[in-house]
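Notes follow once the structure below has been shown.
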Protein chains: 2
Amino acid sequence: MTDMHPLDGERIAQLCRAIYDNLREQIYAAAAQEGFVDLRPSHSNVLRHLDPAGSRIVDLAVRADMTKQSMAYLTDALAKLDYVEIRPDPTDGRAKLVVLTPRGHDAVATLTRLSLEAEARIATRLGKAKLDAVRDGLAEIRGVLEKPGQ
Amino acid sequence: MTDMHPLDGERIAQLCRAIYDNLREQIYAAAAQEGFVDLRPSHSNVLRHLDPAGSRIVDLAVRADMTKQSMAYLTDALAKLDYVEIRPDPTDGRAKLVVLTPRGHDAVATLTRLSLEAEARIATRLGKAKLDAVRDGLAEIRGVLEKPGQ
DNA sequence: CTCATTAGTCAGTTAATCTGTCTTTCTGGT
DNA sequence: ACCAGAAAGACAGATTAACTGACTAATGAG
């Protein structure tokens, strides 16, 4: 351990940021090469939280921890790009349902595959056991952070 | 492991994102409460890479992986907030040196401390050994991602 | 049946990036 | 010593992804 810059050391936060940035870049670049050129990282705030039967904007906003205005902006963009369809919720006249189009299903499948492939590449260098241990540790950390007061 | 949403699973990338977001939020909120209300996460793109003798904008830009225009925007903002001083580089008439002010030193020290405190809180729940193992694993992953072709 | 709550929209703002173009300064090769 | 090209930064403008505040329309509980 050479003496490092105060904020640049081996902090969990910095490591997570570097890894996340790298993987996100990798995955969206690969997705672009597979035809999803107009797919942006911010879109995964929608795709990640969409449930199969469709979701309301307000629910997506809560899950993604953003305002409904911001979520509406994202779903609207995805609708224009033919990744989702936005239709009235038959059970509530105020609400809309955001549902994946076939292209949207493709995109989700592709992102999922690319994400798994990226991990597999890491596993070939680290070993599956170690990678699994890191993943478990991260999941535990996330759990701790989500309910801080014990 | 319940069957999860395709993109919402226990992927390393997602875990890193969640953890990084949470820690960043925590740390900058705490910094604000300690008087650094005008300090923003984007500013750490500067602070993290500043070396003690001062750095050139172009070097900071390279280190932070952004354009020099963007870096100039950030350093300018930090200068207006009295975290850094920007002065001519005596060794090169084209260049400027960005150096920390006393307040900037304070900010770096505070962010570093808050960051370490956040990790310490995690350690009390996970155990130091496990946390260290995760950190080592993450560092290894980052290493792999930085030089992908072996 | 009314009124508070909820879902979403509209308008405007801000933060943090980007690209392209320009000026100034430096430097290496002849 | 000169000049051509590289490098450092500035200026102008665009874009993306968020935000807040104020609004409309539909729901549902008492």
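Observations, loosely collected:
- Candidates A:Glu25, A:Glu34, A:Glu140: whichever shows maximal mean-square fluctuation once chain A is modelled as a Gaussian network with Cα springs under 10 Å: A:Glu140
- Sequence-distant lysines (8 or more away, or on other chains) whose Cα lies within less than 25 Å of A:Lys80: A:Lys68, A:Lys96
- What chain A shows is 54 Å² of accessible area per residue, with the surface traced by a 1.4 Å probe over protein heavy atoms.
- Sorted from nearest, the other copies put their B:Ala123 label points 3.2 nm away, the label point being 7 Å from Cα in the direction of Cβ.
- Closest approach of a chain A beta carbon to the axis mapping chain A onto chain B (residue, whole Å): A:Cys16, 2.
- Under a Gaussian network description of chain A, with springs only between Cα atoms under 10 Å, the residue in A:Asp76, A:Asp106, A:Asp92 that fluctuates furthest is A:Asp92.
- Scanning chain B for long hydrophobic helices, with DSSP H runs required to stretch 30 angstrom or more by C-alpha along their axis and to average at least -1.0 on the Kyte-Doolittle scale, returns B:12-33, B:102-126.
- Computed over the alpha carbons of region B:1-116, Rg followed by Dmax gives 17.2, 62 Å.
- Mean ellipticity per residue at 222 nm, deg cm²/dmol - from DSSP H runs of n ≥ 4 across chain A, formula -39500 (n - 2.57): -20000 deg cm²/dmol
- Share of Cα-Cα pairs in the protein assembly as shown lying beyond 23 Å, as whole percent: 63
- Two-site FRET efficiency, A:Lys80 against A:Ala32, from Cβ-Cβ distance with R₀ of 22 Å, rounded to 0.05: 0.80
- Gyration tensor (alpha-carbon) shape descriptor, region A:93-150, a/c threshold 1.5: oblate
- Candidates B:Val62, B:Gly143, B:Ala95 compared by Cα position along the dipole of chain B: farthest toward the positive end lies B:Ala95, with charges placed on Cβ.
- Label distances, nm, B:Asp65 versus same residue in remaining copies, Cβ-directed 7 Å point: 2.1
- In region A:9-30, comparing the full protein assembly with the chain on its own, the residues that lose 50 Å² or more of accessible surface at a 1.4 Å probe are A:Glu10, A:Arg11, A:Ile12, A:Ala13, A:Leu15, A:Cys16, A:Arg17, A:Ile19, A:Tyr20.
- Cα centre as origin, Lys/Arg/Asp/Glu Cβ charges: the protein assembly as shown dipole, Debye: 20
- Inter-copy separations for B:Glu146, label at 7 Å along Cα-Cβ, nm, ascending: 3.1
The values are calculated or read from the model by the stated rules, or taken from the named source; none is laboratory data. From a predicted model like this one, the values you see are computed outputs, not experimental measurements. Neighbour counts run over all protein chains shown; Cβ positions are idealised from the backbone, glycine included. Note: areas computed on protein heavy atoms with side chains; ligands, DNA, RNA excluded. Shrake-Rupley method; radii C 1.70, N 1.55, O 1.52, S 1.80 Å.
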